[in-house]
Amino acid sequence: MSDSANATARIPSGRKSLAASSERIALGPLDGRYFGAVAPLVDYLSEAALNRDRVGVEVEWFIHLTNNNVLPGTELLTAEQQAGLRGIVTEFDAESVKELADIEKVTVHDVKAVEYFIGNRLAALGLERLKPLVHFGCTSEDINNLSYAVGVKGAVEDVWLPAARTLVAKIAAMAEENRAVPMLSRTHGQPATPTTLGKELAVTAFRLTRQLDRIAKTEILGKINGATGTYAAHYASVPTADWEAVAKSFVESLGLTWNPLTTQIESHDWQAELYADMARFNRILHNLCTDVWSYISIGYFAQVPVPGATGSSTMPHKVNPIRFENAEANLEISNALLDTLGATLVTSRWQRDLTDSSSQRNIGVAFGHSILAINNVLGGLGRLDTAEAVLADDLDHNWEVLAEAIQMVMRAEAIAGVEGMDDPYERLKDLTRGHRVDADRMQEFVSGLGLSAEAQARLLDLTPGKYIGIAESLVDHLNK
Ligand SMILES: O=C(O)C[C@H](Nc1ncnc2c1ncn2[C@@H]1O[C@H](COP(=O)(O)O)[C@@H](O)[C@H]1O)C(=O)O
């Protein structure tokens, strides 16, 4: 071997810096390879959207104060002035993001930068005199909590919930299609009383729907009560106003529930509630992913290959369940963040610490990984075909699951007065435990029990595929 072949292989030093490239290269996958899937969240949960919402809250507060004549010396704004102020929000774009970032470089305070950004636009609207009204009585958290509330509300209602509901509708449709397809159960991983594939999918759809209904009802709170929640600056400057009423009507005008009692920060309990429910949804979905993955593995579902796509780079025969595996990973990452947010956001030292500011910057990431997973599960489910023959074959190899049915029939017969029905459980245990029993052996056993004619006929008609109780009609609970 030559010396060069012996040298340790490594990435060459002196390489170009990718961080210095003119096109910004994403560090994280949500802003890189997965951006397409999470792009709808950018208008709600990106830093730019947060800043736009901050501008929106400041502008609406300005209009609210003037509309309600809260301060002596203000005049009602004209329709043009109001439209002009709101235009600062609707016109907020990439250029505005840059301008705001430049102001923040000087202020080193993100919300103060928003105040200056708006202030710089008042002269053009003939409102220069009212510059002191921007951010009046506010601490930054007054603006931040309302902006996050508006952003998260929009992300849930416009993006996350519709995507999640589309997925649950798909699972429910699959439950309907497979409602009568018998399937061997596997409690503890062992053959157990059969069910139908549709009923098992219906259980998941039912569980997910409950979580979505909770999420849709989340109470989203907001506050605007000053530096320590006492309206001290408000009353010191304008003692004549009913500041609680002004604050309440403002918070409610944003579609939020007014929180009347806080420190400097809105207590964030509603966020913890929401993220716990979303994490529970994610966990139930994760359970579906691993179950479906396992069903694919044992051949219950066939995956329809994507034309032109590679399954395994080395094993040409394979179609890998990568959508479900990707979803599993992304649900775990989403939950790690949702759990952390829920835990950290409900604590703040004394009247405030700034940890919430830094952690809330990751809300979009938590949503993003969940949305990505939802998309992947939807795509994965769309490529599944139920292999009914494989399910039927499995049932036909597990006649011993009828042991439960036979012993229950014997118990009922004993109670009805039929002789010779002693020790049903033990007799079935002797017949079935630890060994396979085929159809002939099972039917021979049933015929030798001395059951009443009707019970014997009922049992002889039973097969593992028919031993499904009312599994099929249970699927109807999805529509109740
Ligand atoms: O209204 C106030 O500002 C009152 C002030 N409390 C603050 N409340 C809200 N934001 C504040 C506060 N303090 C700093 N900052 C600014 O928060 C930004 C934190 O940046 P990051 O850690 O990246 O989230 C970063 O831009 C910080 O400048 C207080 O003294 O109680």
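Using a ≥ b ≥ c from the Cα gyration tensor of the range 41-136 (square roots of the eigenvalues), is it rounded, prolate or oblate, where a/c under 1.5 gives rounded and otherwise the larger of a/b and b/c decides, a/b for prolate? In terms of gyration-tensor shape, prolate.
Rounded to the nearest 0.05, the FRET efficiency derived from the C-beta distance between Ser473 and Ser249 at R0 = 56 Å is 0.65. Which residue, Ile406, Ile374, Leu391, has the largest displacement toward the positive end of the dipole of the range 348-421 when charges sit on each Cβ (Lys, Arg +1; Asp, Glu -1)? Farthest towards the positive pole: Ile374. Place a point 7 Å from the Cα of Ser22 along the Cα-to-Cβ direction; which residues of the range 58-99 have their backbone N under 20 Å from it? Residues passing the 20 Å test: 94-95, 98. Length gained on full extension, Thr257 to Asp269, computed as 0.36 nm times the residue gap minus the Cα-Cα distance: 3.1 nm.
Between Glu388 and Ile298, how high is the FRET efficiency from 1/(1 + (r/R0)^6) when r is the Cβ-Cβ distance and R₀ = 22 Å? Nearest 0.05. The calculated FRET efficiency here is 0.95.
Which of rounded, prolate or oblate describes the chain when judged by the alpha-carbon gyration tensor and an a/c cut-off of 1.5? Since a/c reaches 1.5 and a/b is larger than b/c, the shape of the chain is classed as prolate.
Measuring max minus min along each principal axis, the C-alpha atoms of the range 1-86 give extents of 89, 27, 20 Å (largest first). Amide H contacts of Met183: Thr195, Thr196, Leu197, each under 5 Å away and 5 or more positions distant or on a separate chain (H built 1.01 Å from N in the peptide plane; Pro and chain starts excluded). Here Phe35, Phe281, Phe62 are placed in order of increasing Cβ neighbour count within 10 Å, fewest first, which gives Phe35, Phe62, Phe281. Spin-label model, Ala94 to Ala9: label points 7 Å out along the Cα-to-beta-carbon direction sit 3.9 nm apart. Take every pair of alpha-carbon atoms less than 8 Å apart whose residues are at least six positions apart; their mean separation over the length of the range 41-136 yields a relative contact order of 33 percent.
Helix 197-216 and the longest principal axis of the Cα set of the chain meet at an angle near 20°. Placing a pseudo-label 7 Å from each Cα along the Cα-to-Cβ vector at Glu454 and Ala412 gives an inter-label distance of 1.0 nm. For the pair Ala192 and Glu177 in one chain, pulling the backbone fully straight at 0.36 nm per residue adds 3.1 nm over the alpha carbon distance. With 19 Å as the limit on Cα-Cα distance, the pairs of Lys112/Lys153; Lys105/Lys153; Lys153/Lys217; Lys199/Lys480 that go past it are Lys112/Lys153; Lys105/Lys153.
Multiplying the residue separation of Arg436 and Asp339 by 0.36 nm and removing their Cα-Cα distance gives an extension gain of 30.3 nm. Taken about its Cα centre, the range 41-136 carries a charge dipole of roughly 260 debye when the Cβ of each Lys and Arg holds +1 and the Cβ of each Asp and Glu holds -1. Mark the label point 7 Å from the Cα of Asp213 along Cα→Cβ and return the residues of the range 157-183 whose backbone N is within less than 18 Å of it. It comes to 161-162, 164-173, nothing else. Note on Asn287 and Asn362: with the Förster distance fixed at 25 Å, the Cβ-Cβ geometry gives a FRET efficiency of about 0.50.
Read-outs: derived from the displayed coordinates by stated rules, not from any lab. Bear in mind the structure is a predicted one, so any value in this text is a computation, not a measurement. Note: ideal-geometry Cβ built from the backbone for every residue, glycine included; neighbour counts use all protein chains shown.
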